[in-house]
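Have a look at the structure below before the remarks.
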Amino acid sequence: MPGKEITSFSIPSLGINGIISDSNISLLSDTLTTFTPLIAKFTTTGKNVSIGDVTQTSEVTSNSFSANLVYTVTATDGTTKDYTVTLTAPRTY
C-alpha cells in the first residue's frame, strides 16, 4: 500500500513537536501569544502534502495556525489521507 502518512510534525521556531494520533496532530505552546504565520517541519511517506490547493514544503511554507489546518498527504497512487493540525496556545486579550 502506497505511503500517505505524516510521521513527524513540529514548529521549530517555537521549539514544539506535534503529537500524532491517527489523523490528528496536536501542538501545544505555552508561550505563543499571536498566530503570525509559522513554518512547520514535517516528514511524510507520501508523494506530496497540501493544504487545499497550496503545496506544502517542509521548513519552507508558512501558514497561520489561528484555526485548525487540514494537511492532505497524497500517495504515489493518488489516494489521500487528511490530517487535522491543531495548535493550542494561551489567549491574548
inquiry  = Consider the stretch 36-47. How many of its residues are over 18 Å from residue 7 (Cα atoms) and either aliphatic (A, V, I, L, M) or part of a strand (DSSP E or B) (or both)?
reply    = 1
ask   = Can we say residue 11 is touching a residue at least 60 places away in the same chain (Cβ under 8 Å) and touching a Gly at 6+ places or on another chain (Cβ under 6 Å)?
value = no
request  = Considering only residues that are small (Gly, Ala, Ser) and surrounded by 15 or more Cβ atoms within 10 Å (Cβ to Cβ), look in the stretch 38-91 and name the one that is farthest from residue 25 (Cα to Cα).
outcome  = 75
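Residues are listed down the side, and each one gets a yes or a no for (1) over 14 Å from residue 85 (Cα atoms); (2) assigned to a strand (DSSP E or B):
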position: 20; (1), (2): no, yes
position: 26; (1), (2): no, yes
position: 31; (1), (2): yes, no
position: 34; (1), (2): yes, no
position: 49; (1), (2): no, yes
position: 60; (1), (2): yes, no
position: 67; (1), (2): no, no
position: 72; (1), (2): no, yes
query = When only residues in the stretch 1-18 that are of a type in the set (Gly, Ala, Ser) and in a loop (DSSP other than H, G, I, E, B) count, which is farthest from residue 84 (Cα to Cα)?
reply = 15
key: Subset of the stretch 74-93 that is modelled with pLDDT under 95 and not in a strand (DSSP E or B) - its residue that is farthest from residue 13 (Cα to Cα)   = 93
task = Could you list all residues from the stretch 1-21 that are of a type in the set (Gly, Ala, Ser) and modelled with pLDDT under 95?
result = 3, 13, 15
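The values are calculated or read from the model by the stated rules, or taken from the named source; none is laboratory data. The structure presented is a predicted model; accordingly, all values stated were derived computationally and were not measured. Here Cβ is always computed from backbone atoms with ideal geometry, including for glycine, and neighbour counts include all displayed protein chains.
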